[in-house]
C-alpha cells in the first residue's frame with residue numbers, strides 16, 4: 001500500500017475519511033496486514049483514492065476518499081477490514097482519531113492538475 | 001508551527017480543510033513564513049486545531065479544523081495569509097490539493113481520549 005502522492009478525485013461533493021494516528025513501537029504484523037487490507041480497500045465500490053503520510057515519530061495522517069457515505073459504511077463492515085480494525089486497536093495504534101467528512105469544495109495549485 | 005499530535009475538536013458538525021502538498025526543493029523562506037502565518041492562523045476566530053505531517057520526500061498532509069465555513073472564508077481573505085498563499089504558489093509547492101469539508105462524524109481509539 002505504498003502511497004507517494006495525490007488522490008485524483010472528481011468534482012465535489014464526495015466523502016473523505018480522515019484517519020490521524022500514532023503508531024505503537026514495532027511492526028506487530030502491521031505491514032503484512034496493510035498490504036492485504038490496502039489491496040482490498042481499493043476494491044470497495046465507491047473508493048476514489050487515498051493520500052497518506054507518516055513521519056519518523058510514528059504520527060500519520062491518511063485520507064481516503066469515497067463516492068458517498070454508504071461506501072464508507074460498507075467498508076467499515078467488511079469482514080477482513082473488521083479484523084484489521086480489531087488488531088489496530090489492540091496492537092498498532094496508541095491513539096487515533098477518525099473523522100468522516102463531506103467534501104464540499106476543492107481546489108488544486110499552483111496551476112491545476 | 002511545530003505539530004506533533006492530535007487536534008482536540010468538539011462534537012461534529014464542524015469543518016476541516018485538507019491541504020495535501022508536495023514541496024519544492026529548498027526552504028525559499030518557507031520556515032520563516034510558516035512561523036508567522038502559523039501563529040496568525042491560531043488567532044483566526046473559529047480555528048479549532050490542526051494536524052500536520054510531511055515525509056522525507058516533501059509530501060505532506062495538513063488538516064486544519066474550524067468551527068464553521070465562514071471562519072475558513074475569513075482566513076483565506078486574511079491579508080498576511082494572502083501573501084503566503086501567493087508565495088506558496090510561486091515557490092513552495094510543486095503541487096497541492098485543498099479540500100473543504102464538513103465533518104459529520106468522529107471517533108477516537110483505542111479507548112477514546
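Only the coordinates and a few stated rules stand behind these numbers; no lab work does. This structure is a prediction, so every number in the text was calculated from the model and none was measured. FYI the Cβ positions are ideal-geometry reconstructions off the backbone, even for glycines, and counts take in every protein chain you see.
Please verify whether residue B:56 is more than 9 Å from chain A (Cβ to nearest Cβ) and either within 30 Å of residue A:90 (Cβ to Cβ) or out of contact with any helix residue (DSSP H, G or I) (no Cβ under 8 Å at 6 or more places or on another chain) (or both), treating the condition exactly as stated.
Numbers: more than 9 Å from chain A (Cβ to nearest Cβ): no; either within 30 Å of residue A:90 (Cβ to Cβ) or out of contact with any helix residue (DSSP H, G or I) (no Cβ under 8 Å at 6 or more places or on another chain) (or both): yes.
Answer is no for this residue.
Would you check which residues across the range A:1-36 are in a helix (DSSP H, G or I) and free of Cβ contacts under 8 Å to residues at least 12 places away in the same chain and list them?
If the condition is that a residue be in a helix (DSSP H, G or I) and free of Cβ contacts under 8 Å to residues at least 12 places away in the same chain, then A:31, A:32 are the ones that fit.
Could you list all residues from the range B:83-102 that are within 7 Å of another protein chain (Cβ to nearest Cβ) and in a strand (DSSP E or B)? Write out each step before concluding.
The initial filter retains those residues of the range B:83-102 that are within 7 Å of another protein chain (Cβ to nearest Cβ), namely B:89, B:93, B:95-102.
Within the range B:83-102, B:93, B:95, B:96, B:97, B:98, B:99, B:100, B:101, B:102 qualify.
Is it the case that residue B:71 is out of contact with any helix residue (DSSP H, G or I) (no Cβ under 8 Å at 6 or more places or on another chain) and more than 10 Å from chain A (Cβ to nearest Cβ)? Give the derivation first.
Values: out of contact with any helix residue (DSSP H, G or I) (no Cβ under 8 Å at 6 or more places or on another chain): yes; more than 10 Å from chain A (Cβ to nearest Cβ): yes.
When the stated conditions are applied, residue B:71 passes them.
Collect the residues in the range A:67-91 that are within 16 Å of residue A:37 (Cα to Cα), in contact with a strand residue (DSSP E or B) (Cβ under 6 Å, 6 or more places away or on another chain) and touching a residue at least 40 places away in the same chain (Cβ under 8 Å), keeping them in residue-number order.
Scanning the range A:67-91 gives a single hit, A:72.
Quick check: anything in the range B:37-49 in a strand (DSSP E or B), in contact (Cβ under 8 Å) with a residue 24 or more places away in the chain and within 14 Å of chain A (Cβ to nearest Cβ)? Even if it seems obvious, please write down each step before you answer.
Step one: filter the range B:37-49 for residues in a strand (DSSP E or B), giving B:47-49.
With the extra rule that they be in contact (Cβ under 8 Å) with a residue 24 or more places away in the chain, the set shrinks to B:47-49.
Filter once more, keeping what is within 14 Å of chain A (Cβ to nearest Cβ): B:48-49.
Checking the range B:37-49: at least one residue is in a strand (DSSP E or B), in contact (Cβ under 8 Å) with a residue 24 or more places away in the chain and within 14 Å of chain A (Cβ to nearest Cβ).
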